[in-house]
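Novice: First the structure, then my questions, so here it is.
The values are calculated or read from the model by the stated rules, or taken from the named source; none is laboratory data. For clarity, every value in this text was computed on a predicted model and none was experimentally measured. Because the Cβ atoms are built from the backbone with ideal geometry, glycine has one as well, and the counts that use them run over all protein chains shown. For the accessible areas, the whole protein counts, side chains as well, though only heavy atoms, and no ligand, DNA or RNA atoms are used. Shrake-Rupley method; radii C 1.70, N 1.55, O 1.52, S 1.80 Å.
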Amino acid sequence: MSTVTAKPKIALIIGSTRTARFADVPAQWMLKQAQARDDMEVELLDLRDFNLPLFDEIASSAWVPSQSPEAVRWQQALAGFDGFIFVVAEYNHSLTGSLKNALDHAYKEWSRKPFTAIGYGGVGAARAIEHLRLVGIEMHMVSTHAAVHIGGSDFFTIFPAVGNQPIETIEQNLIPSATTALDELVWWAKATMAARAETAARTEAA
């Protein structure tokens with residue numbers, strides 16, 4: 001069995017591109033929590049920085065190379081990561097169109113890698129994150145059990161149109177779930193890194 005000593009490289013992906021998005025607040029808070037740890041390296045990926053077209057390929061990149069140069073750039077950005085943290089807004093009981101489109105524009109880059117999420121909204125994006133887990137399974141990803149949900153009174157305390165308080169006002173309510181989510185993400189990242197390394201070694205030896 002392969003042994004992995006390198007720290008997992010984790011991408012924190014902002015899944016909303018709206019001009020008026022709230023996503024930056026939870027994204028920066030989660031980034032801070034991840035950067036405070038010594039068992040992972042984390043980098044922010046913002047979908048605003050990738051001008052992904054609405055998926056119009058002849059097939060998934062699992063089967064044929066993508067024709068869109070921006071899709072290829074997105075895939076190249078994802079390829080070096082060992083796991084993912086998604087920042088999830090809930091639109092009509094599901095994830096944003098921009099995040100679903102970004103998921104569809106890659107395949108091999110997601111495969112056999114774990115993910116968790118931080119979601120926000122009236123119910124903490126619980127339904128959107130459940131949908132994300134279903135999509136992730138189809139991408140051969142590993143969904144962790146834990147996620148961070150900013151919902152109910154916590155969400156309305158920090159949402160600009162209501163309480164407009166800094167996220168630090170509620171962070172003691174979020175830290176336990178964030179710690180568990182990141183602990184699980186690191187565990188699964190190391191496990192899948194080792195498994196991928198062993199598979200690669202066997203393929204080379206064949």
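Novice: For a quick check of your reading of the filter: which trypsin sites (Lys or Arg not before Pro) in region 52-108 sit in a DSSP loop and have no more than 14 other Cβ atoms within 10 Å?
Specialist: Counting only loop positions with at most 14 other Cβ atoms within 10 Å, the trypsin sites (Lys or Arg not before Pro) in region 52-108 are LYS108.
Novice: How far is the Cα center of region 122-155 from the Cα center of region 10-77, in Å?
Specialist: Comparing the Cα centres of region 122-155 and region 10-77, I get a distance of 16 Å.
Novice: Also: Cα axis of helix 69-79 to longest principal axis of the chain: angle in degrees, 0 to 90, nearest 10?
Specialist: It works out to around 90 degrees.
Novice: Report, to the nearest whole %, how much of the accessible area of region 40-184 belongs to carbon and sulfur atoms, 1.4 Å probe, protein only. Can you show the working numbers first?
Specialist: Values: 3700 of 6810 Å².
The value for region 40-184 is 54 percent carbon and sulfur by accessible area.
Novice: May I pose another question? Which shape class, rounded, prolate or oblate, goes with region 12-77 when its Cα gyration tensor gives a ≥ b ≥ c as root eigenvalues, a/c under 1.5 marks rounded, and past that a/b bigger than b/c marks prolate?
Specialist: Oblate is the answer for region 12-77, as a/c is 1.5 or above yet b/c matches or exceeds a/b.
Novice: Angle, helix 171-205 long axis vs. longest principal axis of the chain, Cα atoms, 0 to 90°, nearest 10?
Specialist: It works out to around 10 degrees.
Novice: For ASP56, ASP154, give me the order by solvent-accessible area with a 1.4 Å probe, most accessible first, ignoring ligands, DNA and RNA.
Specialist: ASP56, ASP154
Novice: Once the Cβ-Cβ distance between SER153 and ALA197 is put in as r, and R0 is 30 Å, what FRET efficiency do you end up with, to the nearest 0.05?
Specialist: It comes to 0.10.
Novice: Calculate how steeply helix 24-35 sits against the longest principal axis of the alpha-carbon atoms of the chain, using the helix alpha-carbon long axis, and give the answer as 0 to 90 degrees to the nearest 10.
Specialist: 60 degrees
Novice: Please work out how much length the chain gains when fully extended from ALA161 to LYS9, using 0.36 nm per residue of separation minus the C-alpha to C-alpha distance, in nm with one decimal.
Specialist: Details: separation 152, 0.36 × 152 = 54.72 nm, distance 3.53 nm.
Contour length minus the Cα-Cα distance gives 51.2 nm.
Novice: Let me ask another. Here are a few candidate values for Cα extents along the principal axes in Å: [x] 61, 35, 31; [y] 60, 39, 25; [z] 41, 35, 34. Which one was actually calculated from the structure I just gave you?
Specialist: [y]
Novice: Next up: Rolling a 1.4 Å sphere over the protein heavy atoms, what is the accessible area per residue of region 51-127, to the nearest Å²? Kindly include the intermediate steps, with their values, before the conclusion.
Specialist: Numbers: 3370 Å² over 77 residues.
That works out to 44 Å² for each residue.
Novice: What do you reckon, how do ASP49, ASP39 stack up by accessible area (1.4 Å probe), largest on top?
Specialist: The ranking, largest first, comes out as ASP49, ASP39.
Novice: Show that you can apply the helix-only estimate: for the chain, add -39,500 (n - 2.57) for every DSSP H stretch of four or more residues, divide by all residues, and state [θ] at 222 nm to the nearest 500.
Specialist: So the helix-based figure for the chain works out to -13500 deg cm²/dmol.
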